[in-house]
Amino acid sequence: MKKVILFVACASMMASSAMAQMSLVKDVAKLAASSKVEELQSALDKIQPAFTNPETANDAQTWFLAGKAAFGLYDKLFANKSLGQQVDAALMEKALTQGFEYLQKALPLDSVKETNKDGSFKLDKDGTPKIKTKFSKDIIPLLTGHITDIAQIGNDALGAENWATAASAFGKYADIASSPFAKAQGIQVADSIMGQVRFFQGYSQYNLKDFLNAYNSFNMARKLGYTENNIVDFATSSLANHVQSFIDKQDYAGANAFVDNALSGEQNNATLWDIKGFVTELVTGINDALPFYKKSTELDANYANGFFDAGRCLYLQANQIIEDNPSATNAQLKDKLVPIYSEALPYLEKAVALDANNTKAQQVIDDIKYKLELMGVK
């Protein structure tokens, strides 16, 4: 009998919880439709528990109402500002950012596969499951209608060096503007603009030391044709810094796996081959690394780092010969060293030609020429 009473009590509690959540959502729906700042703020405060409650956390309506309230609050504050009234700029920024976050959460939850009575999926003519939506018709216009606003937030944050806000805002703009649903609504953003947005997203991530995401953003910008602001250098540095995070932990296997995975999709990326050489040099030495450095120069005749690394590797090979033969004279070493130095010099000279600030390359060139002179080679 006690078990039955306990079961009934639990069932009663569950029903009570569900009713409470339904009542909460109902209350928020009324507040979210308001045009008063206080009521919209109240909607955002009240909806918070629903984000983590099992009854509502995966319900599209929860996130839709939160996003609607957030955008409503932003729009009201923006209107007040346009009328010359004093408004809380930080609250405006927060409301707009939250609006995107909440609605981007709601959108995939609103795509539900229709089912038959037996539980099987209803199928469209092409054989794919039928998808029903309830809130998407309202979500999509809200998202697309605010992309200019989020871009401005990004620009303001960039100027203030608020990197986290800038990275988030530029990412939201680019993701929404390039989405199929935005294009279906006739939104067309030129590649030149989108490339610039992705660059500044990457630049903000770079300053946050979020190097992997920065590298991905720079790559997206480059694919869109963006070539300004030393983007190649930033992409290279981002990639190198991310690989360095593995090396700092002496996780050479992780570094190799990351580079190999990146190379699987970008076989013609000179930077990746150069970094592959760098990791290989650390693990198994310069002899195994040299082919990767050479590969980078073959892929990109303007990639200074690749030429320097190839020339440096050859120079170190020659140094190893000298160290292994401490009692040998210049004449005795000449036949072994001259071919290596002769191969190294063009790489190093090209590195300096591409990057006049590479003083290390110039120092190696000077040392090679000095040694060649000692061996009687002009």
Of all residues being among the hydrophobic types (A, V, I, L, M, F, W, C), in a helix (DSSP H, G or I) and modelled with pLDDT under 95 in segment 45-64, which is surrounded by the most Cβ atoms within 10 Å (Cβ to Cβ)? Just the residue, please. I47
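Within segment 224-250, track down each residue that is modelled with pLDDT of 90 or more and either touching a strand residue (DSSP E or B) at 6+ places or on another chain (Cβ under 6 Å) or among the aliphatic types (A, V, I, L, M) (or both). Working first, answer last.
Within segment 224-250, the subset modelled with pLDDT of 90 or more is 224-231, 234, 238, 241-250.
Those that are modelled with pLDDT of 90 or more and either touching a strand residue (DSSP E or B) at 6+ places or on another chain (Cβ under 6 Å) or among the aliphatic types (A, V, I, L, M) (or both): L224, I231, V243, I247.
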Does L158 fit the bill of being touching a residue at least 40 places away in the same chain (Cβ under 8 Å) and within 22 Å of F78 (Cβ to Cβ)? yes
Tell me yes or no: at least one residue of segment 144-153 is over 30 Å from Y303 (Cβ atoms), touching a Gly at 6+ places or on another chain (Cβ under 7 Å) and surrounded by 14 or more Cβ atoms within 10 Å (Cβ to Cβ). yes
Going through A221, A169, A214 one at a time, which residue ends up being within 28 Å of A79 (Cα to Cα), at pLDDT 95 or above and part of a helix (DSSP H, G or I)? A169
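How many residues are under 13 Å from the mean Cα position of the chain (by Cα) and not hydroxyl-bearing (S, T, Y) when one looks only at segment 170-207? Let's see the steps before the verdict.
Here is the first cut: in segment 170-207, the ones under 13 Å from the mean Cα position of the chain (by Cα) are 170-172, 174-175, 197-207.
Applying the additional criterion that residues be not hydroxyl-bearing (S, T, Y) yields 170-172, 174-175, 197-202, 205, 207.
Residues flagged as under 13 Å from the mean Cα position of the chain (by Cα) and not hydroxyl-bearing (S, T, Y) within segment 170-207 amount to 13.
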Taking the residues in segment 103-118 that are aliphatic (A, V, I, L, M) and assigned to a helix (DSSP H, G or I) as candidates, determine which candidate is surrounded by the most Cβ atoms within 10 Å (Cβ to Cβ). L103
The lone exception for G254 - which of (1) over 22 Å from L143 (Cα atoms); (2) out of contact with any helix residue (DSSP H, G or I) (no Cβ under 9 Å at 6 or more places or on another chain) it fails: (2)
Can you list residue pairs whose Cβ atoms sit under 6 Å apart, with the first residue in segment 125-149 being within 25 Å of E93 (Cα to Cα) and the second being part of a loop (DSSP other than H, G, I, E, B) and at pLDDT 90 or above? Count only pairs 6 or more apart in sequence or on different chains. F135/D110; S136/D110; T144/I187
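Results for (1) surrounded by fewer than 16 Cβ atoms within 10 Å (Cβ to Cβ); (2) over 17 Å from the mean Cα position of the chain (by Cα); (3) under 28 Å from V197 (Cβ atoms), shown as yes or no for each residue.
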| site | (1), (2), (3) |
| --- | --- |
| E228 | yes, yes, yes |
| D233 | yes, no, yes |
| D248 | yes, yes, no |
| N256 | no, yes, no |
| W273 | no, yes, no |
| G277 | no, yes, no |
Out of S327, S342, S296, sole residue that is over 37 Å from the mean Cα position of the chain (by Cα), part of a helix (DSSP H, G or I) and not aliphatic (A, V, I, L, M): S342
For segment 210-231, pairs from a residue that is over 19 Å from V243 (Cβ atoms) to a residue that is at pLDDT below 90, with Cβ under 7 Å and 6 or more apart or across chains, are none
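A79 - would you say it is part of a helix (DSSP H, G or I), without any contact (Cβ under 8 Å) to a residue 60 or more places away in the chain and out of contact with any Pro (no Cβ under 7 Å at 6 or more places or on another chain)? I'd like the intermediate steps shown before the answer.
Working: part of a helix (DSSP H, G or I): yes; without any contact (Cβ under 8 Å) to a residue 60 or more places away in the chain: yes; out of contact with any Pro (no Cβ under 7 Å at 6 or more places or on another chain): yes.
When the stated conditions are applied, A79 passes them.
Report whether or not T271 is hydroxyl-bearing (S, T, Y) and within 18 Å of S237 (Cα to Cα). First the steps, then the outcome.
Values: hydroxyl-bearing (S, T, Y): yes; within 18 Å of S237 (Cα to Cα): yes.
So T271 fits the description; yes.
Return the residues of segment 125-169 that are polar (S, T, N, Q), farther than 15 Å from Y203 by Cα and under 25 Å from the mean Cα position of the chain (by Cα); say none if nothing qualifies. Steps first, answer last, please.
To start, the set of residues in segment 125-169 that are polar (S, T, N, Q) comprises 128, 133, 136, 144, 148, 152, 155, 162, 165, 168.
Narrowing further to those that are farther than 15 Å from Y203 by Cα: 128, 133, 136, 144, 148, 152.
Within segment 125-169, T144, T148, Q152 qualify.
The values are calculated or read from the model by the stated rules, or taken from the named source; none is laboratory data. None of these values were measured; they are calculated from a predicted model. Please note: Cβ atoms are built from the backbone with ideal geometry, for glycine as well, and neighbour counts cover all protein chains shown.
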